[in-house]
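Report on the following structure.
The values are calculated or read from the model by the stated rules, or taken from the named source; none is laboratory data. These numbers were taken from a predicted model, which means no experiment stands behind them. No Cβ is skipped: glycine too gets one built from the backbone with ideal geometry, and neighbour counts run over all protein chains shown. These accessible areas exclude ligands, DNA and RNA; they are computed on the full protein's heavy atoms, side chains included. Shrake-Rupley method; radii C 1.70, N 1.55, O 1.52, S 1.80 Å.
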Amino acid sequence: MDGFKLHIIEKIVDELGSEGVDESSLEVPPDPKMGDYAFPCFTFSKRLKKSPQQIAEYLKGKIGTDDIISEVQSNGPYLNLFVNKSKLAEQTLKEVAEKKDKYGTSSAGKNQRVVIEFPSPNTNKPLHLGHLRNMALGESMANIIASQGYGLSRANLNNDRGIHICKSMLAYQRWGDGKTPGSEGRKSDHFVGDYYVMYNLKEKEDASLTGEAQEMLLKWEAGDKEVRALWEKMNTWAFDGFEETYKTFGLPAFNKVYYESNTYMKGKEVVMAGLKKGVFSRRDDGAVVVDLEDEGLGEKVLMRADGTSVYVTQDLYLAQMKHDDFKYDKSVYVVASEQNYHFKVLFTLLKKLGHDFADGCYHFSYGMVLLPEGKMKSREGTVVDADDMMLEMQELARDEITRRYDDLEEQEIHDRSMVIGIGALKFYLLATDSIKDMTFHKEQSISFEGETGPYVQYAHARICSIFRKYGKPVGADVDFGLLKDDVEKEVIKKIQDFPDAVAAAAEHYRPSIITRHLLDLGQLFSTFYNSCPVLKAEDEKLVKARLFLCDCVRQVLANGLHLLGIKAPEEM
Ligand code: ARG
């Protein structure tokens, strides 16, 4: 909570006692004319045996003005408070100037460890549009959580074994003809994916393939040399391709990468141990199951009758391994909402097995991404490819850039379209609440004028250009009292609220709180810039004060974009 709110709350507590008064008690009135903060008095009626109106009136009489509170009004059941403008400006802006890229961070999570897992692909096909949402959410939440002082680690899991992998392998073995990604000039994970598609087509004509794939899986489990070599080869292609995709998307390196091929056997051991302990039971057909009727999750198979493992098996061990590796207080899984049931089961099982860390496990679930034309596509059974989508975004950005400038070098156009295209994509994916399904509108996302990433990037670049024009340092001897305009105050308040917005985004797993905040700040800045001349202000003192404000806006935009995993360009 910022110092202003804290000060007001303390004053109220002095009068009413602390019961029912905390940082959430202060509201922001819809109209700034009604004050900077409003304190609703309804809930105290009973205890104080007074009407809310009387309480507001009483507080108004008791809470006088001081160097922070410039005016107090009672308005029916509300106490409305105005804060001292120049104090607000000075404190807020000085703090930004001092903390710079640390403005918005906190130490709330000190001494606590969080591990966040994403995007955890399967190695039989390339990444798709859903993975882009996954990575945007995973990366931004990683940054946001880290900004609150938690010890944060990024983990990735490769589901690199199982029947689906064997399907690509079988198709390649049959029809690959010694071709390689190199010989075909195909990105290597796409090359693998092609054989997965081929398998599915061929299987429709020849049902015996199903059995062959299963046989291959058994051979794989038995460590068959030839099968393992093929598996190694194709997985390496898949991984190399993923790496490229991560790089284009701008993901930093993971602290740890897990492989299902290393954990699934141990997962089976966990199941057997649970069986021994009586937590799980054996069904008549030989399958190991657990009864989760009481939890409303039905009966869950943990190991098939033939001894093969199921999806949750590997996760039982992985959770423990992650805990050994990171000693986490919180373990976050960024996985689509299709797997809600899976994670409910997983966390319930971890608890049944007696792991305290189960309480710290959290499924950060997100909805589907559709395209406007997407319905037809999904009926065809094809998905939108992540690499193609990123390329399309860059091309759209390129169009936008070349429309605006005709004198840029090719390299510059390329670099900018990368920053803007990927920025637009991420911002759009983050702006919708993660829990909802969403439709991705490419053209809309790239517009410099809408509620988009490029709009925020552009606001940032525009401020940078003001400073290029000014051409000299602003200095610190600024008279903050000169920032008297209402819109200046609104801009400053948005800046002041930024740390709370970041904290809220971390607490509620909602990067959209930050996208919203940046859009609001960008819009307020634009109103300010249109009504308050900066370089052409009446005198040099005002020029300096306004420049100082501009620089703080720039800093907050940059910090916010950074938290979202988006670059803040100086020119656009
Ligand atoms: N590879 C899985 C999929 O693509 C997601 C894995 C999620 N993580 C986990 N620990 N289960 O559906």
Next on the checklist: Which of the numbered conditions does T65 fail, given that it passes all the others? Conditions: (1) modelled with pLDDT of 90 or more; (2) of a type in the set (S, T, N, Q); (3) closer than 20 Å to D497 by Cα.
Outcome noted: (3)
Checklist entry - Applying the selection to region 521-572, what residues are part of a loop (DSSP other than H, G, I, E, B), basic (K, R) and over 20 Å from the mean Cα position of the chain (by Cα)? => result K536
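Determine whether region 267-277 contains at least one residue that is among the small types (G, A, S), open to solvent by 60 Å² or more (accessible area, probe 1.4 Å) and more than 16 Å from the ligand (Cβ to nearest atom).
Going through region 267-277, the residues among the small types (G, A, S) turn out to be 267, 273-274.
When the remaining residues are screened for being open to solvent by 60 Å² or more (accessible area, probe 1.4 Å), the result is none.
For region 267-277, residues among the small types (G, A, S), open to solvent by 60 Å² or more (accessible area, probe 1.4 Å) and more than 16 Å from the ligand (Cβ to nearest atom): absent.
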Checklist entry - How many residues are of a type in the set (A, V, I, L, M, F, W, C), at pLDDT 95 or above and surrounded by fewer than 17 Cβ atoms within 10 Å (Cβ to Cβ) when one looks only at region 159-206? => result 1
Checklist outcome for this item: Those residues of region 263-292 which are farther than 14 Å from Y311 by Cα and in a helix (DSSP H, G or I) amount to E269, M272, A273, G274, L275, K276, K277
Next on the checklist: Name the single residue that is modelled with the lowest pLDDT among those in region 25-47 being open to solvent by 60 Å² or more (accessible area, probe 1.4 Å), more than 14 Å from D497 (Cβ to Cβ) and not in a loop (DSSP other than H, G, I, E, B).
Outcome noted: K33
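Please work out if Q112 is at pLDDT below 95 and either closer than 20 Å to V334 by Cβ or within 31 Å of the chain's Cα centre (by Cα) (or both).
Values: at pLDDT below 95: no; either closer than 20 Å to V334 by Cβ or within 31 Å of the chain's Cα centre (by Cα) (or both): yes.
So Q112 does not fit the description; no.
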Item to check | Where a residue in region 210-225 is within 13 Å of M169 (Cα to Cα) and open to solvent by 90 Å² or more (accessible area, probe 1.4 Å) and its partner, wherever it lies, is part of a helix (DSSP H, G or I) and modelled with pLDDT under 95, with Cβ under 8 Å and at least six apart | outcome: Q214/I163
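Identify all residues within region 335-349 that are open to solvent by less than 10 Å² (accessible area, probe 1.4 Å) and either more than 12 Å from the ligand (Cβ to nearest atom) or assigned to a strand (DSSP E or B) (or both); write none if there are none. If you could, list the steps in order and put the result at the bottom.
Applying the first criterion (open to solvent by less than 10 Å² (accessible area, probe 1.4 Å)) to region 335-349 yields 343, 345-346, 349.
Selection gives L349 alone.
Conditions (1) open to solvent by 40 Å² or more (accessible area, probe 1.4 Å); (2) away from the ligand (no atom under 14 Å from the Cβ); (3) over 25 Å from A506 (Cβ atoms); (4) of a type in the set (F, W, Y), marked per residue:
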site: N80; (1), (2), (3), (4): no, yes, yes, no
site: K85; (1), (2), (3), (4): yes, yes, yes, no
site: V96; (1), (2), (3), (4): no, yes, no, no
site: Q112; (1), (2), (3), (4): yes, yes, no, no
site: T123; (1), (2), (3), (4): no, no, yes, no
site: L127; (1), (2), (3), (4): no, no, yes, no
site: L132; (1), (2), (3), (4): no, no, no, no
site: M135; (1), (2), (3), (4): no, no, no, no
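Kindly indicate which of L157, L152 is without any contact (Cβ under 8 Å) to a residue 40 or more places away in the chain, farther than 30 Å from M34 by Cα and not in a helix (DSSP H, G or I). Even if it seems obvious, please write down each step before you answer.
Working: L157 fails: without any contact (Cβ under 8 Å) to a residue 40 or more places away in the chain.
Only one candidate qualifies: L152.
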Next on the checklist: Looking at the structure I just gave you, is L316 open to solvent by less than 60 Å² (accessible area, probe 1.4 Å), part of a helix (DSSP H, G or I) and away from the ligand (no atom under 16 Å from the Cβ)?
Outcome noted: no
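Which one is nearest to the ligand (Cβ to nearest atom), of the residues in region 319-334 that are open to solvent by less than 20 Å² (accessible area, probe 1.4 Å) and assigned to a strand (DSSP E or B)?
Within region 319-334, the first condition is being open to solvent by less than 20 Å² (accessible area, probe 1.4 Å), and the residues that meet it are 319, 322, 328, 331-334.
If we keep only those that are assigned to a strand (DSSP E or B) as well, we get 331-334.
Details: S331: 10, V332: 11, Y333: 6, V334: 8 Å.
Out of the qualifying residues, it is Y333.
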Next on the checklist: Could you check region 415-443 and list, in sequence order, the residues that are over 20 Å from L137 (Cα atoms), open to solvent by 30 Å² or more (accessible area, probe 1.4 Å) and touching a helix residue (DSSP H, G or I) at 6+ places or on another chain (Cβ under 8 Å)?
Outcome noted: E443
